[in-house]
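We did not get these values from a lab; they are worked out from the coordinates using the rules stated. The shown structure was predicted, so the numbers you read here are calculated from the model rather than taken from an experiment. Here the Cβ is made from the backbone with ideal geometry for all residues, glycine too, and neighbour counts use every protein chain on show.
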Amino acid sequence: MHEKKDFWQSFAGLLALGLIGVLTLPIAILPSLTLVQQTQPELVTLPIPLLVALSMIQPIILLAIAVAIGCLLAPRTGLVSLLAKKMIQRTHIWLRLRRDIPLSAALGLLLAALITLLDRLFLPFMGAEFQSLVSAEGNPYLQLVLGLLYGGITEELLLRWGLMSLFVWLGCLVANRILKQSTPVCQPTPVVAWSAIVLAAILFGLGHLPALAASVTLTTPIILRTVLLNMLGGLIFGWLFWRKNLESAMIAHAMTHVGFFIIGLIF
């Protein structure tokens, strides 16, 4: 009974947090729908507000599944969310989180600089259609809000709290089967942890392709560029989740978008 209460307390809190990010999705969805309505009105058969609402159903369902998986498996794998612990144990999290903020913020800003540099190197090979898309990017302030809330919160709940926790737990099952051990709590080895980090990072990169495909024809260079650059972020955020906590990964992810914003203003 106590475990069920802990599960539902952490689930409700983290789901509510993730929904804040989902509510920013119209920032990304509305421009595409408006463009389609203007250029191909026959394809828009429902009111745009209804289409936006319908398009948010799938992310909400995926978020709920990922949060549930994380709340169930993360405590068994040694992976930590300070917010989840606070909801269950009523512990103070600021003192611990404060120690992790400088490293997480620095890694996020450095990652933004590295990704921007690599993106510039990739750009000549991306084709005219992709280059036009880049030059026509939307309002940077709205993109920052989307990056901070959906990227920094919701994507981390999906990819790290949900998927990475699942991969670590599965890796522990395989390792325990090989070693013929049976323990209620997984203590992931570096091999298990890094395997989970890499797998989640790959899926993080692949997950950016569908939205991109709605705006540009996917070519091999575009696919490689998108997956590799986003994988870099996934590796950093996954390492922070493993070695620190989920909130450190969220801070680094959010600060990466802050870095993109600052670089965009300067250059």
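Numbers at a glance
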{"read-out": "Overall form of the range 64-117 per C-alpha gyration tensor (a/c, 1.5; a/b vs b/c)", "value": "oblate"}
{"read-out": "Selected from 51, 199, 63 as most flexible by GNM, with the chain as the system and alpha-carbon contacts under 10 Å", "value": "51"}
{"read-out": "Per-residue ³J(HN,Hα) for the range 222-227, Karplus 6.51 cos²θ - 1.76 cosθ + 1.60, θ = phi - 60°, Hz, x for Gly and Pro", "value": "5, 5, 4, 4, 5, 5"}
{"read-out": "Cα-based reach from residue 244 at 13 Å (exclusive), listing aspartates and glutamates while leaving out same-chain residues under 8 positions away", "value": "100"}
{"read-out": "³J(HN,Hα) computed for each position of the range 160-165 - Karplus, 6.51 cos²θ - 1.76 cosθ + 1.60, integer Hz, glycine/proline x", "value": "8, 4, x, 5, 5, 4"}
{"read-out": "Amide hydrogen neighbours beyond the local backbone of residue 186, cut-off 5 Å, H modeled", "value": "77, 78"}
{"read-out": "Kirkwood hydrodynamic radius (C-alpha pairs) into Stokes-Einstein, the range 132-267, 20 °C and 1.002 mPa s, D in µm²/s", "value": "132 µm²/s"}
{"read-out": "Residue 176 versus residue 117: modelled label distance in nm, points set 7 Å from Cα along the beta carbon direction", "value": "4.3 nm"}
{"read-out": "The chain: calculated mean residue ellipticity at 222 nm from DSSP helix runs of at least 4, using -39500 (n - 2.57)", "value": "-24500 deg cm²/dmol"}
{"read-out": "Rounded Å value of the spacing that divides the Cα centres of the range 181-254 and the range 94-112", "value": "18 Å"}
{"read-out": "Percentage of interatomic Cα-Cα distances in the range 215-259 larger than 15 Å", "value": "52 percent"}
{"read-out": "3J(HN,Hα) from dihedral phi, the range 256-267, Karplus parametrisation 6.51/-1.76/1.60, rounded to Hz, x for glycine, proline", "value": "4, 6, 4, x, 4, 4, 5, 4, x, 5, 6, 10"}
{"read-out": "Pairwise FRET efficiency - residue 4 versus residue 220, Cβ, R0 = 41 Å, nearest 0.05", "value": "0.25"}
{"read-out": "Residue (of 192, 106, 87) at the positive-pole extreme of the range 69-200, dipole from beta-carbon charges", "value": "87"}
{"read-out": "Length released on extending from residue 106 to residue 94, taking residue separation times 0.36 nm less the Cα-Cα span", "value": "2.5 nm"}
{"read-out": "Cysteines (scope the chain) whose Cβ has no counterpart Cys Cβ under 4.7 Å", "value": "71"}
{"read-out": "Expected-Rg normalisation [2.2 N^0.38 Å, Cα atoms] applied to the range 104-174", "value": "1.49"}
{"read-out": "Hull volume in cubic angstrom per residue (convex hull over the Cα atoms of the chain)", "value": "147 Å³"}
{"read-out": "Options 56, 222, 201, ranked by Cα towards positive dipole end of the range 2-266, top entry (Cβ charges)", "value": "201"}
{"read-out": "Assigned charges on the beta-carbon of Lys, Arg, Asp, Glu; the range 2-266 dipole about Cα centre (debye)", "value": "1160 debye"}
{"read-out": "Most positive-pole-ward Cα, 145, 69, 97, against dipole of the range 2-266 from beta carbon charges", "value": "97"}
